[in-house]
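What follows draws every value from the coordinates through simple rules; no lab data is involved. Keep in mind the model is a prediction, meaning the values are calculated, not measured. Ideal geometry is used to build each Cβ from the backbone, glycine not excepted, and the neighbour counts take in all protein chains shown.
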Amino acid sequence: MKDSCNRTIDYIRISVTDRCNLRCLYCMPEEGIAPLRHEDILTYQEIVRICEAGARLGIRKVKVTGGEPLVRKDIEVLIKELTQIPGIEDVTMTTNGCLLKEKAAELKAAGLSSVNVSLDTLDPQRFARITRRDSFDSVMGGIESAQAAGLKVKINCAVMEDLTKEEVLAFARFSMERKIPVRFIEMMPIGQGKNYKAMENDDLAGILTEAFGALKESREVKGNGPAVYYTWGDETGFIGFISAVSHKFCRTCNRVRLTSDGFLKLCLDSPAGVDIKGPLREGISDDGLFDLMNQTIRNKPESHHFEEDQGETGPNMNQIGG
């Protein structure tokens, strides 16, 4: 479908829980937050109904997120149901990887095509400092199991100012050795993320160029998101940049988000959207749900306003399905 800015909206990110087994500095306070009650989050059946309506509207790609999606019981059941919806072409997941070793084969069997693993460093000690948990080995084991199961894997690295030259190069070598794309994601001023700044893309590119030679933009499609990918030398490694703040990609934005408590959110940096859980539980028909989503998505905001002073901290990423 097209929104009012003539953008094709064909991608939905679905948060299945606000709970997480890590406490990353830029995502949640150390003490965590009060989680939603079980009865306040969408059931799998409700999520499937929403995606069925979305598919009728032209949604083709689904990303399952959290919180941490693998902490929700029987997540592979939802994955299988989503892949069987007529019109849905690709179902993927973003995870911190802590439980991926145990789940990778089941997820692949259910129809999941790929996982994005959030990993901000390859240094176990820095990992423990950022996540406030000692789970580095579990994440690395999860990445290996995902590859062994046949899942495509990408790494998401949230870029903070204290990311060192050595760590940037370590990720580049990791990409070359494992044949896994690494995406450097600019820190967004949302929730706890407002307390951190990102290293500039030009600085990251300069480090890579100095070590490996001139970067070449890759035309190979490696996902459903806005990352711009670069390679170098023999093209065995790939680095992507996702720069929502410094290099706005709003004019090509193709997505909406569904929070775990049933709010269809049109933009990370906007309150715009509609509660869907309420109408679902009040008995809305399939056609009524279709109309509600259609009318709402057509009014997707033209752009975010991260560059402006956002005032109060606001919700954390685990609450809005980043």
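Can you give the log10 of the normalised intensity I(q)/I(0) at q = 0.14, 0.15, 0.23 Å⁻¹, computed with Debye over equal Cα scatterers of the range 80-166?
So the normalised log intensities work out to -0.52, -0.59, -1.06.
Per-residue ellipticity at 222 nm for the chain, helices alone: DSSP H runs ≥ 4 residues times -39500 (n - 2.57), over residue total, nearest 500 deg cm²/dmol? Walk me through the numbers on the way to the answer.
On the way: 10 runs with 103 residues, N = 322.
It comes out at -9500 deg cm²/dmol, rounded to the nearest 500.
If the viscosity is 0.692 mPa s and the temperature 37 °C, what Stokes-Einstein diffusion coefficient in µm²/s follows for the range 1-139 when Rh is the Kirkwood radius over Cα pairs? Don't skip to the end; give the middle numbers.
Values: Rh = 16.2 Å.
Estimated diffusion coefficient is 203 µm²/s.
Packing-wise, with mean Cβ within 10 Å as the measure, how do 26-39, 273-286 rank, highest first?
Working: 26-39: 13.0, 273-286: 14.6.
Top to bottom by mean Cβ count within 10 Å: 273-286, 26-39.
What's the angle, to the nearest 10 degrees (0 to 90), between helix 136-149's Cα axis and the longest principal axis of the chain?
70
Cross-link partners among aspartates and glutamates for LYS165, C-alpha distance below 17 Å, same-chain residues fewer than 8 apart left out?
Within reach: ASP120, ASP123, GLU186, GLU200, ASP202, ASP203, GLU210.
In the chain, which cysteines lack any other cysteine Cβ under 4.7 Å from their own?
If one checks each Cβ against the other cysteines of the chain, CYS5, CYS20, CYS51, CYS98, CYS157, CYS250, CYS253, CYS267 turn up with nothing under 4.7 Å.
Of all the Cα-Cα pairs you can form in the range 11-320, what percent are over 28 Å apart?
Numbers: 18361 of 47895 pairs.
The share of Cα pairs beyond 28 Å in the range 11-320 comes to 38 percent.
Quick one: compute the contact order of the chain, relative version, from alpha carbon pairs under 8 angstrom and 6+ residues apart, as a percent. Don't skip to the end; give the middle numbers.
Values: 635 pairs, mean separation 72.4, N = 322.
Across the chain, relative contact order equals 22 percent.
Nearest 10 degrees is fine. How inclined is helix 165-178 to the longest principal axis of the chain, computing both from alpha carbons?
Tilt of helix 165-178: around 70 degrees.
According to a simple spin-label model (label point 7 Å from Cα along Cα-to-Cβ), what is the distance in nm between GLU210 and SER4?
Those two pseudo-labels are separated by 4.8 nm.
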